[in-house]
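The structure under discussion appears below in the form of C-alpha cells.
Coordinate-derived values only; no laboratory data. All values reported here derive from a predicted model rather than from experimental measurement. Reconstructed Cβ throughout: ideal geometry from the backbone, glycine too, with neighbour counts over all protein chains shown.
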Amino acid sequence: MTPPITRFQQQDTHRLIPSRFPPVGVLDVVTLPEDLELIFELEGWTNDRITAELGIIHMLPADEWVVGRPHATAIMAAFCHPAPNGGRFNTPDLGAWYAAFDLETAFAESIHHRTKELEEIGVFDTAVQMRQYLSDFDAEFHDVRGDDQAFAPLYDPNSWKASQPFGADLRRQGSNGIIFRSVRHPGGQCLACYRPRLVLNLRPAAHFEYRWRGTATPVITQLAQ
C-alpha cells in the first residue's frame, strides 16, 4: 500500500508542546554538526548529559541535523526524544515532527494525549502549560487523506498497530513524511514530518494553560503572546 505524494506548501502549521521543555539548547548555537564533538570535549560533557540534551541524535544522519539556527533544539527534540510508545506514524525508536494545519486541531490532538496520561493515574485536577510553535513547509509528502479503504486501519482511534509499521516502512523508503486526517478533531488535518530540515521558519507564538477541574475536558486559557 503506497499512498500518493502531495506537494505541501503551507505557512503557520501548529505544534503545542509542554512549556517545561527548554526552548534553547546547544544545537541553537552550534554552527556545524562536527562542532558538537569539540563542544563536548571542551565542556567535559558526560554520556548522561549528552543523552539528556541530545537524546538519540545519532539515529539521524548528520546531514539531516538542524543546527545553528533559532529553535534548532526544539526541532531536533521532536526527533531525538520520542515518546515511549511512539506516535501514530512513528515507532518509539525515532521521533517525528507532528503539526496540525490549524490551532483547533492542535488543541484537540495535544489535549487527547495529556488527558490519556491523567486517565492512567485517575486524576483530573491539574494544569499543564503549553508552548505554541508555528512552522512552514514546502516539500512533498505521502498523503493518506483520501477515501481509499486501505487507509482505514491507519485511523484506528485506539491503536497504532497498523499505522506505526506503515509509517516506519515509508520512512525506510526515504519518505519525507505523511499528511493525514486528524483522528481527534473531525475535519482537521495533520502532518508527520520525518526530516528535521523540512521544518522551516520555526517560531514560538502563544502560551496556553490546560486546566482540568475534575473532568476529562480541560479549560484552555491563553497566557501570553
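What is the local net charge at residue 75, summed over the other residues whose Cβ is closer than 12 Å to its Cβ (Lys, Arg +1; Asp, Glu -1)?
Result for the neighbourhood of residue 75: +3.
When only Cα pairs below 8 angstrom with a gap of at least 6 residues are kept, segment 60-132 shows a relative contact order of 15 percent. With the largest listed first and rounded to whole Å, the semi-axes of the equivalent ellipsoid of the chain from the Cα gyration tensor are 27, 24, 17. Taking other C-beta atoms within 10 Å as the exposure proxy, 66, 30 rank 30, 66 from fewest upward. Over all pairs of different C-alpha atoms in segment 86-134, the reciprocal of the mean inverse distance, the Kirkwood hydrodynamic radius, equals 12.5 Å.
Here segment 5-224 is treated with +1 on each Lys and Arg Cβ and -1 on each Asp and Glu Cβ, and its dipole about the Cα centre works out to around 580 debye. The residues packed around residue 91, meaning those with a beta-carbon under 13 Å from its beta-carbon, carry a net charge of +2 if Lys and Arg are +1 and Asp and Glu are -1. Each Cα pair under 8 Å and six or more residues apart adds its separation to the average, and for the chain the resulting relative contact order is 28 percent.
Estimated purely from DSSP H runs of n ≥ 4, each contributing -39500 (n - 2.57), the mean residue ellipticity at 222 nm for the chain is -7500 deg cm²/dmol once divided by its residues. Other residues lying with their Cβ under 12 Å from the Cβ of residue 166 contribute a combined charge of +2, Lys and Arg counting +1, Asp and Glu -1. Scanning the chain for trypsin sites (Lys or Arg not before Pro) lying in DSSP loops with no more than 12 further Cβ atoms inside 10 Å, the longest uninterrupted stretch between such sites is 21-160.
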